[in-house]
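Each remark here refers to the structure printed beneath this line.
The values are calculated or read from the model by the stated rules, or taken from the named source; none is laboratory data. In this text the structure is predicted, and so the values were computed from the model without any measurement. Cβ atoms come from the backbone with ideal geometry, glycine included; neighbour counts cover every protein chain shown.
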C-alpha cells in the first residue's frame, strides 16, 4: 500500500512538472504574439496618415486613442497584460520621451531558444525573457497588420511560433 501511494505521488509530481512546462511554453508563445502586436501598433501610430511628421507615442495609452487627426484612430483596442507575469506593466524601450518598443518584466530564462523569424533572431541569445525586446519596425517595413494570434515572419511559409 505504501509503495502504491509513493508511485501515485511520483506520477502526480511528474504530471505537474509537464503541465508547468506546457503552460510556460504557451505563455512564451503569447508573449511573442502580444509583443509583435504592440510593436506593430507603435509603427502604425508613427506612420499614421494624420500625423504631420512621423512621431512615436509618449505612452502606451496613445495607441488606444490617437487623437492627432480629424478622427480618433485605435492602433490597439486595449493595452494587453504581459502574458508571462500576468500584470499590465511592460518594460518600455524609449528614445528620449518616446516609446520605440516594449519588453516583458519577467526575469526567468526562456524555454524557446531557436526557430524565431529573422526579425526576432536576437531572441535566440536572450538569457531572460526581459531581453526579448519588441521594437517598431522601420518606416515602410510594416505593409499589413499581422493576423490576430500570428507572429509575422519573413519566411514565405509563414510564422514559426
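Quick rundown of the values:
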read-out	value
Strands (runs of 3 or more DSSP E) wholly inside region 64-161 that include at least 3 residues being exposed (fewer than 11 other Cβ atoms within 10 Å of the Cβ) and modelled with pLDDT of 95 or more	none
Matching entry among 18, 8, 36 (being at pLDDT 95 or above and either in contact with a strand residue (DSSP E or B) (Cβ under 7 Å, 6 or more places away or on another chain) or in a helix (DSSP H, G or I) (or both))	36
